[in-house]
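Contents: one structure, followed by commentary.
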Amino acid sequence: MTQAHLKISVLLTKTHKSLLNVNGVACKNPNQVTADDFYFPGFDKCGNTSNKLGSAVNLVNVEKLPGLNTLGISMARIDYAPYGLNPPHIHPRASEILVVLEGSLYVGFVTTDNKLFTKVLNKGDSFVFPIGMVHFQYNYGTTNAVAFAGLSSQNPGTIRVANALFGSKPPISDDVLTKTFMVDKKTVNYIQTQFQ
């Protein structure tokens, strides 16, 4: 970069500080930053697990905690009802480490060569899910479970496998799904109605 380009870059940076983006998130003007940008309350509260899956994820990423911008980290509290499931999903931009605070969980991930790694975790145990691997957690017990997860991105993203395949808008062609899962169109259509 030439000296002239550097001066223009510095001038643009000073003039448009609030317009700069890092990983898709606008940088806040440093003169407007407050302590609240680095603070998030509420991890002490249980999530609502009265849903079909019996789980609730409270992800705190850069959208909820602006102070995470550029730090490459985020975290989540996951609550599980008895037999609750955090279904197979992927974080395309982050690895994850999970620690169980209450209860027991059956957890696992599948590698790119379809090898399954699983473990039963009890209170105080942790497990790592490498970036981009399909993974899940299941509370096989009769009591509630709670876990915390640390993720290696300010915005890890979450793609739930079943939602992506059966709940996409517009929907994936029945021909693709029937051939992929080796089932008839009636079965595919029924599953799709569960994700509308």
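The values are calculated or read from the model by the stated rules, or taken from the named source; none is laboratory data. As the structure is a computational prediction, the values presented were derived from the model and not from experiment. When we count neighbours, we look across all protein chains shown, and the Cβ atoms used for this are built from the backbone with ideal geometry, even at glycine. Protein only, heavy atoms only, side chains kept; ligands, DNA and RNA dropped before computing areas. Shrake-Rupley method; radii C 1.70, N 1.55, O 1.52, S 1.80 Å.
Computed quantities for the displayed model
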| read-out | value |
| --- | --- |
| Subset tally (residues that are small (Gly, Ala, Ser) and closer than 24 Å to residue 166 by Cα) for the stretch 57-93 | 1 |
| Pair list, Cβ under 9 Å, 6 or more apart: the stretch 63-75 residue in a helix (DSSP H, G or I), other residue of a type in the set (Ser, Thr, Tyr) and open to solvent by less than 30 Å² (accessible area, probe 1.4 Å) | 68/74 |
| Breaking point among (1) open to solvent by 50 Å² or more (accessible area, probe 1.4 Å); (2) of a type outside the set (S, T, N, Q); (3) under 16 Å from residue 85 (Cβ atoms), for residue 110 | (1) |
| Some residue of the stretch 180-193 being under 27 Å from residue 63 (Cα atoms) and surrounded by fewer than 18 Cβ atoms within 10 Å (Cβ to Cβ) | no |
| Those strands (runs of 3 or more DSSP E) lying entirely in the stretch 105-164 with at least 2 residues among the β-branched types (Val, Ile, Thr) and more than 14 Å from the chain's Cα centre (by Cα) | 105-110, 116-121 |
| Residue selected from the stretch 31-55 under the condition of a type in the set (Gly, Ala, Ser) and without any contact (Cβ under 8 Å) to a residue 24 or more places away in the chain, by the criterion least open to solvent (accessible area, probe 1.4 Å) | 42 |
